[in-house]
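Down below is the structure, laid out as structure tokens.
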Amino acid sequence: MTDYTILDSKFSSLTEACMISKNYYKLIVVTLILISNYIDEIGIKLSIRPRKKDNENIFNYMKLINAIFSDNLKIKIFEDDHIEKIKHFETKFHKYESCLTPNFVKDIINLYYEIRKINVPNLHEVMDEDQNFAISSDIRFCSNFLLNKNVNKRKNPESNLKEYILYKINEKQREIENNLRIKGYNKNLLKQALYLKKLKNTTKSEKSGKTIVSGPLKNNLNYQRSINELVGFLLIGISSVLFMIGSAILWLAITFPEYTSILSVLLLVFFFPGFLLVFLYWINFKKY
Amino acid sequence: MTNINIKQIFKGLCLVGLILLFISLFFDWYSFSYENSSGQIFVSWVYNPLFEWSSDLAISGSNLELMPNNLNIPILISIIFIGSLIFTGYVILYKDPEKERKLQSLTYYAYGNFLTLVLSSFYIISFPAVYLLQEGLFYPYILYEDYQTGITISYLFGPGYYIQVLGFVLSFPYIVFYLRIIEKFQNKDNDVSVVIDKYINNQQDNIDLDKLIANEKLKLKGLNELEEVELLKFKDVIR
């Protein structure tokens, strides 16, 4: 990922050197490249196909991004003004050498930094916990409520629950779209809209039932709690061994009934602690 | 005690358990002996799963007469067991789920580890219930005194069997925990963000600002440079 702090520092040095040497051509080309790179990054982050550099201008690509988002979420990523300026710079620069003036350079650099202010979410970026909770808290509440309330789980409440969750997701989506239309482009609202779209898709599709972990496993709270299960597994391991040996002795007693009286004590010695340990496990660890 | 410490402790115990499971194969698992009224042992046999029956006494007379039949535990199981122990040791040491980027890739390792437990269980339960019993040998510790002849017969599990049991108990928690984690958790496709970053870098035009800055500064010092030629190739990129 591009480190923009370093890039800006270097670009600033280059600008200074080129303005002194009056090498405006170099500066304009570099700025256009940086604009092109940034627009490419925006497009890829928003899951738009990359720009076809052989036959597609930067401004046409920007129009494409705007068209897609206008159709889906009723928002524009780029201002029309910026698109027009880019069009002006791209076409004029190739045609006229006389545009190589300090003012032209200044305008194009300003435009670059205007476009840099546009900060789009990466579709593959994880929502932070607060935003996640804010969006889906009522959806999660409803799903928890319905699952706990339903006495007979075998009556398959999943289909009803799914419908309800999808209804709530659609409701939330409409709310966000309205906000985007009224308040204009907002990175967080766009992020929420994209997240809800993903949530909708995953709710519709079959899930493996696994807990999804983003980031390192050791930082996951569920995993941290799962580590406590190790002590429980030790109890289960000991009880397994006791049951195995106890079963072998039981089989001996069945095969040689004359020794049952002798072996009965051993059966008690092995089975009773085994059951006790299972009981202890059930009381203390089953909740995990 | 923090969770990480608990995990490390059980991981260590698991490794100790695996070592015990391995060395148990070289100890005696079962012994039976006949002792006369004067306390002299005249029949003594010990069993090892790899080497079958052996005796400290001379293999003649009563000792030879009362020699039990070979139990014929398939040697293949022992070989697979040793292989699975080595495999599990490798997985425990080098395939930590916390360090793995894709948990799903550890699924087969987790099931391979579980095979170790299954084979150990096979030894613990089937050795006495199937193999010993078919020869009429008792367990876990039976002392039979014949008052008429004054002979005492003892049947008992050897240290190898108890080491096997201990090894099972020590290795069980971490192996089951490992499997549980693989079954319960799944990485969000973090690899995708790395792939996306790489893809973005590949799509963007690489521009060496350091070189451009250096050349411009050299130019200011009046030296010639050929970088306009390089820069021309970018002109085609921006149409």
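The values are calculated or read from the model by the stated rules, or taken from the named source; none is laboratory data. Note that this is a predicted model, so its numbers are computed, not measured. Cβ coordinates were reconstructed from backbone atoms using ideal geometry, including for glycine residues, and neighbour counts include every protein chain displayed. Just so you know, the surface numbers come from the protein's heavy atoms only, side chains and all, with ligands and any DNA or RNA stripped out. Shrake-Rupley method; radii C 1.70, N 1.55, O 1.52, S 1.80 Å.
Given (1) open to solvent by 80 Å² or more (accessible area, probe 1.4 Å); (2) of a type outside the set (A, V, I, L, M, F, W, C); (3) touching a residue at least 24 places away in the same chain (Cβ under 8 Å); (4) outside any helix (DSSP H, G or I), where does A:Asp54 come up short, assuming only one miss?
The one condition A:Asp54 does not meet is (3).
I need the full set of residues from segment B:17-42 which are closer than 22 Å to B:Thr88 by Cα and exposed (fewer than 14 other Cβ atoms within 10 Å of the Cβ), in order please.
Just the residues of segment B:17-42 that are closer than 22 Å to B:Thr88 by Cα, to begin with: B:17-27.
Matches in segment B:17-42: B:Ile23, B:Phe26.
For segment A:236-288, enumerate the residues that are facing chain B (nearest Cβ under 9 Å) and loosely packed, with under 14 Cβ neighbours inside 10 Å.
Once the filter is applied, which keeps residues that are facing chain B (nearest Cβ under 9 Å) and loosely packed, with under 14 Cβ neighbours inside 10 Å, segment A:236-288 yields only A:Thr255.
Would you mind stating whether A:Thr101 is closer than 21 Å to B:Asp208 by Cα, more than 9 Å from chain B (Cβ to nearest Cβ) and among the hydroxyl-bearing types (Ser, Thr, Tyr)? Before the answer, list the steps.
Working: closer than 21 Å to B:Asp208 by Cα: no; more than 9 Å from chain B (Cβ to nearest Cβ): yes; among the hydroxyl-bearing types (Ser, Thr, Tyr): yes.
Spelling it out, it is not the case that A:Thr101 is closer than 21 Å to B:Asp208 by Cα, more than 9 Å from chain B (Cβ to nearest Cβ) and among the hydroxyl-bearing types (Ser, Thr, Tyr).
Name, by its number, the condition in (1) open to solvent by less than 20 Å² (accessible area, probe 1.4 Å); (2) farther than 17 Å from B:Thr107 by Cα that does not hold for B:Phe185.
(2)
Do the conditions hold for A:Asp130, that is, is it open to solvent by less than 70 Å² (accessible area, probe 1.4 Å), within 29 Å of A:Ile176 (Cβ to Cβ) and at pLDDT below 80?
no
Those residues that are in a loop (DSSP other than H, G, I, E, B) and charged (D, E, K, R), I need them from segment B:126-153; list them, please.
So the first thing to find is which residues in segment B:126-153 are in a loop (DSSP other than H, G, I, E, B), and the list is B:135-140, B:147-150.
Listed by number, the list holds a single entry, B:Glu135.
Where residues in segment A:29-51 are touching a residue at least 24 places away in the same chain (Cβ under 8 Å), more than 7 Å from every other protein chain (Cβ to nearest Cβ) and not aliphatic (A, V, I, L, M), which of them is surrounded by the most Cβ atoms within 10 Å (Cβ to Cβ)?
A:Thr31
Return yes when A:Ile44 is within 24 Å of B:Tyr199 (Cβ to Cβ), assigned to a helix (DSSP H, G or I), modelled with pLDDT under 85 and in contact with a helix residue (DSSP H, G or I) (Cβ under 8 Å, 6 or more places away or on another chain) and no when it is not.
Numbers: within 24 Å of B:Tyr199 (Cβ to Cβ): yes; assigned to a helix (DSSP H, G or I): yes; modelled with pLDDT under 85: yes; in contact with a helix residue (DSSP H, G or I) (Cβ under 8 Å, 6 or more places away or on another chain): yes.
Judged against the criteria, A:Ile44 is a match.
So in segment A:57-75, with the set limited to residues that are under 21 Å from the mean Cα position of the chain (by Cα) and free of Cβ contacts under 8 Å to residues at least 40 places away in the same chain, which one is least open to solvent (accessible area, probe 1.4 Å)?
Applying the filter and picking the extreme gives A:Phe69.
Answer yes if at least one residue in segment B:144-167 is within 7 Å of chain A (Cβ to nearest Cβ), at pLDDT below 85 and open to solvent by less than 40 Å² (accessible area, probe 1.4 Å), and no otherwise.
Initial filter on segment B:144-167 (within 7 Å of chain A (Cβ to nearest Cβ)): B:165.
After this cut, where a residue has to be at pLDDT below 85 as well, the list is none.
Within segment B:144-167, not a single residue is within 7 Å of chain A (Cβ to nearest Cβ), at pLDDT below 85 and open to solvent by less than 40 Å² (accessible area, probe 1.4 Å).
Find all pairs meeting these conditions: Cβ atoms under 9 angstrom apart; at least six residues apart or on different chains; first residue within segment B:10-38 and touching a residue at least 12 places away in the same chain (Cβ under 8 Å); second residue among the β-branched types (Val, Ile, Thr) and open to solvent by 50 Å² or more (accessible area, probe 1.4 Å).
If the second residue must be among the β-branched types (Val, Ile, Thr) and open to solvent by 50 Å² or more (accessible area, probe 1.4 Å), the pairs left are B:Phe10/A:Val231; B:Leu18/B:Ile86; B:Phe22/B:Ile86; B:Ser33/B:Ile41; B:Tyr34/B:Ile41; B:Glu35/B:Ile41; B:Asn36/B:Thr149; B:Ser37/B:Thr149.
Please enumerate the residues belonging to segment B:172-200 that are at pLDDT 80 or above and more than 8 Å from chain A (Cβ to nearest Cβ). Please lay out each step first, then the result.
Initial filter on segment B:172-200 (at pLDDT 80 or above): B:172-185, B:200.
B:Ile175, B:Tyr178, B:Leu179, B:Ile182 - these are the residues of segment B:172-200 that are at pLDDT 80 or above and more than 8 Å from chain A (Cβ to nearest Cβ).
What's the number of the condition A:Thr15 fails, among (1) more than 9 Å from chain B (Cβ to nearest Cβ); (2) over 13 Å from A:Ile108 (Cβ atoms); (3) hydroxyl-bearing (Ser, Thr, Tyr)?
Answer for A:Thr15: the failing condition is (2).
Only residues that are at the interface with chain B (Cβ under 7 Å from one of its Cβ atoms) and either within 14 Å of B:Val165 (Cα to Cα) or among the aliphatic types (A, V, I, L, M) (or both): list them for segment A:217-235, please.
Residues satisfying the conditions are A:Leu217, A:Ile227, A:Leu230, A:Leu234.
Return the residue satisfying two criteria in turn: it lies in segment A:19-28 and is free of Cβ contacts under 8 Å to residues at least 24 places away in the same chain and at the interface with chain B (Cβ under 9 Å from one of its Cβ atoms), and of such residues it is nearest to A:Tyr112 (Cα to Cα). Can you show your working first?
Pass one, segment A:19-28, residues free of Cβ contacts under 8 Å to residues at least 24 places away in the same chain: A:20-23, A:26.
When the remaining residues are screened for being at the interface with chain B (Cβ under 9 Å from one of its Cβ atoms), the result is A:20-21, A:23, A:26.
Details: A:Ile20: 21, A:Ser21: 22, A:Asn23: 18, A:Lys26: 15 Å.
The residue in question is A:Lys26.
Can you list the strands (runs of 3 or more DSSP E) found entirely within segment B:1-62 that contain at least 3 residues being more than 14 Å from every other protein chain (Cβ to nearest Cβ) and among the aliphatic types (A, V, I, L, M)? Can you show your working first?
Values: elements: B:30-35, B:41-48, B:52-54.
Those strands (runs of 3 or more DSSP E) span B:41-48.
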